[in-house]
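A.B. asks: Next up is a structure, given as structure tokens.
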Amino acid sequence: MNAAIDNVHAVILAAGASSRMGSPKQLLVWQDRPLLTHAIDSARAVLAERIVVILGANAEAINTAIDLNGVSVALNPDWADGMAGSIKVGIQALPATASAVLLMLCDQPLINAAHLQSLLLAWQQAPERIVVSQYAESFGVPAVFPVAFFAQLAGLTGDRGAKPLLMQFEGTLVKVPLPEAELDIDTQGDYQRLHTHKSDAADDCGTT
């Protein structure tokens, strides 16, 4: 079965306070763009304007610094309670026609449009299954969740994000090797490692 991606939407989680970083990591610059802009550009390359960005802490500063025209923005007023609340806000913001959601973080800058496309292609071949990124003997987001899992995503609690749900269905996950997903930017040390990482991600956002 080859499912269409016309009704797949991206939800980019960007509501955290970046307390370990000491400044909003959404606005950290790499390759001349803020990290959140990297995520938006990569999602836009594969899903056009079907993108929801979840903001919370530092929402005003982010709105001021980043051009969010062309994407939907949803606010998580309970961002301090953990990532699960932002996932719930994102699911609630999707249209009734959504057939799947591409769940993304704002702080995985090595993820590019070609990577996202590989996840979507895998989902098209198995549209009833969750498709995850596999890295460093683990797995997680970015990941594609079919509509059948929306209620469970919206029912998550705490700060572990979608991991408990993924663990519950580990036996049926479609795992796509994506080592670039291992690096997320939580600390200044992570940010320094990013700058020493040689990547060709700057030129691939046109991949569809």
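Values in this text are rule-based calculations from the coordinates and carry no lab data. Since this is a predicted model, take the numbers as computed values, not measurements. Backbone-built Cβ (ideal geometry, glycine too); neighbour counts: all protein chains shown.
A.B. asks: Given only helices, namely DSSP H runs of n ≥ 4 each adding -39500 (n - 2.57), what is the per-residue ellipticity at 222 nm of the chain, to the nearest 500 deg cm²/dmol? Provide the component values of the computation, followed by the final result.
C.D. replies: Numbers: 7 runs with 64 residues, N = 208.
Result for the chain, helices only: -8500 deg cm²/dmol.
A.B. asks: Sort 165-171, 136-142 by packing, meaning the average of other beta carbons within 10 Å per residue, with the highest value first. Numbers along the way, then the final one.
C.D. replies: Numbers: 165-171: 13.4, 136-142: 17.1.
Top of the packing list down: 136-142, 165-171.
A.B. asks: Ignoring solvent entirely, what values of log10 I(q)/I(0) come out of the Debye formula for the stretch 1-123 at 0.13, 0.16, 0.21 Å⁻¹ when each Cα is a single scatterer?
C.D. replies: -0.48, -0.73, -1.23
A.B. asks: Pulled fully out, how much extra length does the chain show between Gln188 and Glu170, if you take 0.36 nm times their separation in residues and subtract their Cα-Cα distance?
C.D. replies: Working: separation 18, 0.36 × 18 = 6.48 nm, distance 3.22 nm.
Extending this stretch completely gives an extra 3.3 nm.
A.B. asks: Would you please give the FRET efficiency between Asp67 and Asp6, computed as 1/(1 + (r/R0)^6) with r the Cβ-Cβ distance and R0 = 25 Å, to the nearest 0.05?
C.D. replies: Numbers: r = 25 Å, r/R0 = 0.99.
Computed FRET efficiency for Asp67 and Asp6 comes out at 0.50.
A.B. asks: What residue among Pro77, Pro127, Pro146 has the largest mean-square fluctuation in a Gaussian network model of the chain, using Cα springs under 10 Å?
C.D. replies: Fluctuation is largest for Pro77.
A.B. asks: Here's another thing I want to ask about it. Can you put Val144, Val8 in order, fewest other beta carbons within 10 Å first? Please list the in-between numbers first.
C.D. replies: On the way: Val144 29, Val8 24.
Starting with the residue having the fewest Cβ neighbours, the order is Val8, Val144.
A.B. asks: While we're here: Top mean-square fluctuation among Asp186, Asp67, Asp107, Gaussian network model of the chain, C-alpha springs under 10 Å?
C.D. replies: Of the options given, Asp67 has the highest mean-square fluctuation.
A.B. asks: So what is the diffusion coefficient of the stretch 109-199 in µm² per second by Stokes-Einstein at 37 °C and 0.692 mPa s, using a Kirkwood Rh over Cα pairs?
C.D. replies: On the way: Rh = 14.1 Å.
Here the translational diffusion coefficient equals 232 µm²/s.
A.B. asks: Could you compute the FRET efficiency for Ala148 and Leu75, with r as their C-beta to C-beta distance and R0 at 35 Å, rounded to 0.05? All intermediate terms of the calculation are to be shown ahead of the outcome.
C.D. replies: On the way: r = 27 Å, r/R0 = 0.77.
According to the calculation, E is roughly 0.85.
A.B. asks: Here is a further query. Provide Val147, Val29 in ascending order of the number of other Cβ atoms located within 10 Å of each residue's Cβ, fewest first.
C.D. replies: Working: Val147 18, Val29 11.
By the 10 Å Cβ count, ascending: Val29, Val147.
A.B. asks: Using a Gaussian network model of the chain with C-alpha springs under 10 Å, which one of Thr187, Thr37, Thr196 is most mobile by mean-square fluctuation?
C.D. replies: Maximum fluctuation in the GNM of the chain, among the listed residues, is at Thr196.
A.B. asks: OK, next. Hey, could you grab the Kirkwood Rh for the chain? Inverse mean 1/r over distinct alpha carbon pairs, Å, one decimal.
C.D. replies: Working: mean 1/r = 0.0594 Å⁻¹.
Over the chain, the inverse of the mean reciprocal pair distance is 16.8 Å.
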